[in-house]
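Remarks on the structure that follows.
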Amino acid sequence: MKYYLALLLFIFIGCAAQMAPKGGPIDNEGPKLIEVSHSFDSNIFNTNEEIIFYFNEFVNPLSIVNSIKIINFIDFDYQVRGKKIIIRPNKKWPNYKMIKINISRNVSDFNGNNMDDPIQILFSNGKLLSNNKIFGRLINTNDAIFNIGAYSLIDSSYLLIDKTESNKEGNFKFQYL
């Protein structure tokens, strides 16, 4: 009986945590894109394949609202599952020469940390695209998100060619113009 009492006392003393659990470092970085399910030259045109964006941490589903834009295509739906954003067409992806998906820096984790860079993913149907680029930097931005547009002047009218956002340092770029 003595041994049972001593053993019981030893178990209770040995198992009890005597301090608050340790946390970890403070999370002050937003989600980062790790991988995309399809590559640049994947043939997604005229299919209903879903495109999956994988992140390094959980994404806040409320931050996705109005953060995904597809150039010249609005018939799509999205879903957030933990560390993934899944984009799928409601019927089929259009048969354009390219599809450009833009995801805003407003996407955040559950601590309210926004992404450092916007995401621009381009899918091509295999036809040769121009690889013209425009790079720039905004000054005195203080980590704010700015929308930048590239326009073409045609007969005294401005036509929007592409749109992007500045990153955390104020840099921006347009590709495949």
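Bear in mind that the values in this text are calculations on the coordinates, not laboratory data. Being a predicted model, the structure only gives us computed values, none of them experimental. Please note: Cβ atoms are built from the backbone with ideal geometry, for glycine as well, and neighbour counts cover all protein chains shown.
At a threshold of 8 angstrom on Cα-Cα distance, excluding pairs fewer than six apart, so keeping six or more, what relative contact order does segment 29-174 reach in percent?
23 percent
Determine, for each peptide in 47-54, 24-31, 96-103, the mean count of other beta carbons within 10 angstrom over its residues, then list the peptides with the highest first.
Result, highest mean first: 96-103, 47-54, 24-31.
Quote the charge dipole size of segment 29-174 about the Cα centre in Debye, to the nearest 20; the model charges only the Cβ of Lys and Arg (+1) and of Asp and Glu (-1).
320 debye
Which Cα, out of Ser124, Asn142, Phe58, lies furthest along the positive dipole direction of segment 29-174 (beta carbon charges, K/R +1, D/E -1)?
Ser124
Here is the link list: Lys69/Lys168; Lys133/Lys168; Lys91/Lys168; Lys92/Lys168; Lys91/Lys173. Which ones come out longer than 28 Å on Cα distance?
Long pairs (Cα-Cα over 28 Å): Lys91/Lys168; Lys92/Lys168; Lys91/Lys173.
Nearest 10 degrees is fine. How inclined is helix 2-15 to the longest principal axis of the chain, computing both from alpha carbons?
30 degrees
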